[in-house]
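*Asks:* Mind looking over this structure? Questions follow.
Just so it is clear, none of the values below were taken in a lab; they were calculated from the coordinates. None of these values were measured; they are calculated from a predicted model. So basically every Cβ, Gly included, is an ideal-geometry build from the backbone, and we count neighbours across all protein chains shown.
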Amino acid sequence: MKTVEAKPSDAERESLQQVEASRQTEWTEHSFLRDLFLGNFRLSLIHPYPLADPERPAFTAFYEKFKEFLRTDVDPVHIDTIGDYPDGVIDGLKRLGAFGMKIPQEYGGLGLNQFEYNKIMELLGGHERGLAVLLSASQAIGLPQPLRLFGTAAQKKKYLPRCAAGAISAFALTETGVGSDPAALATTAEPTADGKAYILNGEKLWISNAPLAELLVVAARNSATGKISAFIVETGWEGVRIEHRCHFMGLRGEPNGVISFTDVRVPRENLLGEDGKGLKVALVTLNAGRLSLPAITGGLAKQCLEICRKWASVREQWGHPIGWHEANAHKLADMAATVFAMESLSHFAANMVDREGYDIRLEAAAAKEWNTTRVWHVVDDTMQIRGGRGYESETSLAARGEPAIGVERMLRDARVTRIFEGASEIMHLFMAREAVDKHLQVAGALIDPDKGIRQKLTALPRIFTYYLTWYPSRWLGWGRWPRFAEFGRLARHLCFVERASRKMARATFYGMLLYRGRLQRKQAFLFRIVDIANELFVMALCITRARRLAAAGDEQAWQAETLAQLFCRNSRRRIQNLFRDLWRNDDAFKYGVGRDVLAGEHAWLERGPMELGLTAEEMRPVSVADKLRDRGPGRKMSEKDIASAS
Ligand SMILES: Cc1cc2nc3c(=O)[nH]c(=O)nc-3n(C[C@H](O)[C@H](O)[C@H](O)COP(=O)(O)OP(=O)(O)OC[C@H]3O[C@@H](n4cnc5c(N)ncnc54)[C@H](O)[C@@H]3O)c2cc1C
């Protein structure tokens with residue numbers, strides 16, 4: 001094995017430049033995580049932990065109606081079996097006003113705040129998760145959200161009432177060649193000679209809601225400038241076509257499809273945000289938009305806990321309820337602590353969106369990454385505790401007279417949450433970029449291989465001035481008792497968070513000195529830093545929440561403290577391992593072996609099972625329209641076409 005280190009390719013440089021150009025660089029509002037990365041533990045930003053405001057009667061009424069509708073009209077097992085929504089489900093949601101939950105009342109919506117909307121997502125997380133994705137794709141990342149953030153008054157007036165009345169919308173970024181990396185976006189928008197419109201051509205893949213959507217937000221490259229812009233597109237327009245309905249391992253009812261655009265005329269008034277700033281529209285939309293997933297996964301995890309608690313107390317093996325056997329009791333304890341932590345994170349992030357003066361982008365990314373990763377383990381443990389019944393389908397369980405508890409459906413639904421709305425790796429990269437941001441601002445010139453010696457020398461005074469105070473202060477914080485005495489039994493864990501945040505900031509600094517220009521390629525190092533930050537953040541939230549509940553005289557305060565204790569103990573072990581692995585690891589060796597695997601050096605190991613029967617070249621993605629060209633252009637697919645295509 002040769003020691004190899006990937007060199008940045010031109011394509012990679014271009015991708016990074018595009019993302020960098022669309023990055024929000026300014027930080028005008030508070031962010032706990034932004035400061036934590038620099039070793040500033042700003043307790044005042046999370047303490048007192050924000051508790052929800054008393055529930056508004058209008059919301060309570062909607063919540064109860066929605067819940068009743070789910071109970072009577074939405075059968076998740078039937079939907080999973082037929083892979084579609086029966087007549088009545090979508091119409092019922094429209095009648096309830098559910099497509100306008102996040103739309104202000106002045107435009108005919110329900111005007112729910114983020115916390116209220118997340119409560120609906122949590123409800124669906126324990127019932128029919130495809131509907132959660134449908135509603136979220138329609139209004140948390142679909143048209144209403146970018147419209148509220150970037151739309152003109154005329155656009156809002158035209159489209160928000162339509163969305164509130166039930167026009168389903170979708171957010172179309174992904175293409176066959178474009179997943180996590182938007183730089184290769186191939187859908188084009190060509191400005192017409194009179195400047196009054198754009199002509200859209202291209203194809204979008206895996207678009208949630210596509211087969212039902214009336215309205216789309218489409219990211220396309222302006223062929224005159226080469227820059228990416230966002231457009232409002234109506235699916236009824238000439239040239240928009242659903243090419244295929246996609247099917248997935250889970251979320252089987254959720255309508256998802258491939259859309260093509262052939263010479264679609266988009267009026268200039270439908271440009272969303274500035275021309276050339278489409279990637280920024282997409283990234284900013286996703287900031288709060290991705291907060292649905294922490295709530296959906298939170299609801300799912302809570303249901304897992306209920307299933308495990310009840311099942312483990314009645315299922316007896318070897319003379320005891322299975323929950324009494326230590327292996328299972330430990331799973332139950334960890335699950336309860338994790339659910340408490342997931343909820344603390346999701347509630348905090350939602351509350352911060354609703355309060356002014358807080359920049360949510362890092363916290364939302366952390367909530368998305370952390371909750372979607374944790375829920376996978378929670379569901380996996382649930383399947384283990386349910387044993388064979390966990391693996392059995394609900395229909396089969398019901399047919400032989402047992403309660404239809406759908407753990408296998410949960411597992412199938414949960415997996416994709418780590419892939420869409422920012423894959424876990426991309427969330428890590430996004431957070432890592434912000435973790436080193438201040439260092440790059442101050443000392444970027446010194447580590448940038450493209451900067452000349454003169455620029456490096458010019459930067460030196462600024463670098464010395466900053467680090468002369470910053471670095472010693474990362475050693476000198478006060479992280480010992482009694483600073484946090486008001487937190488009682490949890491104070492020592494808060495001390496740990498304070499000390500560890502400074503240690504993490506120092507480690508980030510050392511990483512920068514050691515790897516310099518190569519730091520952005522040291523993903524194992526950077527991802528560990530992000531994981532440490534996320535663990536510290538969640539620990540701190542569990543502690544402040546438990547404290548707040550105690551201060552409020554909540555009857556669950558004692559239990560909350562116990563769960564926070566357990567979570568912190570577990571988390572500290574994970575953090576200590578992460579710190580150790582920062583400097584003692586097999587990263588370089590492993591990377592070399594990985595590259596060897598790619599080069600085929602270990603292909604001998606693959607002999608035995610049936611061959612895949614494909615070369616790597618034959619696995620390259622292809623455009624759906626190219627494959628299905630014989631259908632003829634320009635016609636919108638009917639429901640029948642969609643059904644036969646699938
Ligand atoms: C059910 C479903 C619904 C969806 N809904 C929508 C929608 O409504 N609208 C829309 O636009 N898209 C949608 N998508 C697409 C989704 O957003 C993408 O799947 C996602 O962005 C990942 O892209 P990809 O699958 O092409 O993976 P790729 O980008 O090919 O990545 C493959 C793997 O490599 C990792 N990876 C990629 N780059 C790096 C890197 N630089 N460093 C480390 N790891 C890396 C990724 O994290 C991933 O694990 C949906 C997808 C699914 C499955």
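*Asks:* Out of (1) farther than 20 Å from GLY109 by Cβ; (2) within 15 Å of the ligand (Cβ to nearest atom); (3) surrounded by 18 or more Cβ atoms within 10 Å (Cβ to Cβ), what's the single condition that is false for ALA189?
*Replies:* (2)
*Asks:* Separate question: Exactly one condition in (1) more than 15 Å from the ligand (Cβ to nearest atom); (2) surrounded by fewer than 24 Cβ atoms within 10 Å (Cβ to Cβ) is false for TYR198; which is it?
*Replies:* (2)
*Asks:* Here's another thing I want to ask about it. Looking at segment 253-271, which of its residues are closer than 13 Å to GLU234 by Cα and within 11 Å of the ligand (Cβ to nearest atom)?
*Replies:* ILE259
*Asks:* A further question follows. Based on this model, can you work out whether VAL233 counts as under 29 Å from LEU110 (Cβ atoms) and either in contact (Cβ under 8 Å) with a residue 24 or more places away in the chain or in contact with a Ser or Thr (Cβ under 8 Å, 6 or more places away or on another chain) (or both)?
*Replies:* Answer is yes for this residue.
*Asks:* May I ask you to verify whether SER180 is touching a strand residue (DSSP E or B) at 6+ places or on another chain (Cβ under 6 Å) and within 12 Å of the ligand (Cβ to nearest atom)? Let's see the steps before the verdict.
*Replies:* Working: touching a strand residue (DSSP E or B) at 6+ places or on another chain (Cβ under 6 Å): no; within 12 Å of the ligand (Cβ to nearest atom): yes.
So SER180 does not fit the description; no.
*Asks:* Please give the helices (runs of 4 or more DSSP H) falling wholly within segment 382-433 in which 1 or more residues are in contact (Cβ under 8 Å) with a residue 12 or more places away in the chain, away from the ligand (no atom under 16 Å from the Cβ) and hydroxyl-bearing (Ser, Thr, Tyr). Please lay out each step first, then the result.
*Replies:* Numbers: elements: 388-391, 394-399, 407-414.
Per the criteria, 388-391, 394-399.
*Asks:* Scanning segment 146-177 for residues that are of a type in the set (S, T, N, Q) and within 30 Å of GLY97 (Cα to Cα), which turns out nearest to the ligand (Cβ to nearest atom)?
*Replies:* THR174
*Asks:* Do we have any residue at all in segment 389-406 that's out of contact with any helix residue (DSSP H, G or I) (no Cβ under 7 Å at 6 or more places or on another chain) and within 26 Å of GLN114 (Cβ to Cβ)?
*Replies:* No, that holds for no residue.
*Asks:* Take ILE296 and decide whether it is under 27 Å from the mean Cα position of the chain (by Cα), part of a strand (DSSP E or B), within 16 Å of the ligand (Cβ to nearest atom) and not hydroxyl-bearing (Ser, Thr, Tyr).
*Replies:* Working: under 27 Å from the mean Cα position of the chain (by Cα): yes; part of a strand (DSSP E or B): no; within 16 Å of the ligand (Cβ to nearest atom): yes; not hydroxyl-bearing (Ser, Thr, Tyr): yes.
For ILE296, the condition - under 27 Å from the mean Cα position of the chain (by Cα), part of a strand (DSSP E or B), within 16 Å of the ligand (Cβ to nearest atom) and not hydroxyl-bearing (Ser, Thr, Tyr) - is not met.
*Asks:* While we're looking at this one, here's another question. What pairs come up if the first residue lies in segment 563-579 and is among the charged types (D, E, K, R), the second is in a helix (DSSP H, G or I), and their beta carbons are under 7 Å apart, counting only those six or more places apart or on different chains?
*Replies:* Close Cβ pairs satisfying both conditions: ARG572/PHE496; ARG574/GLU535.
*Asks:* If you don't mind, there's one more thing I want to ask. Since ILE543 meets every condition but one in (1) touching a His at 6+ places or on another chain (Cβ under 7 Å); (2) free of Cβ contacts under 8 Å to residues at least 12 places away in the same chain, which condition does it not meet?
*Replies:* (2) is the only condition that ILE543 fails.
*Asks:* A further question follows. Checking the condition in contact with a Gly (Cβ under 8 Å, 6 or more places away or on another chain) and either part of a loop (DSSP other than H, G, I, E, B) or crowded, with 17+ Cβ neighbours inside 10 Å (or both), which residue from PHE567, PHE537, PHE525 passes?
*Replies:* The match here is PHE525.
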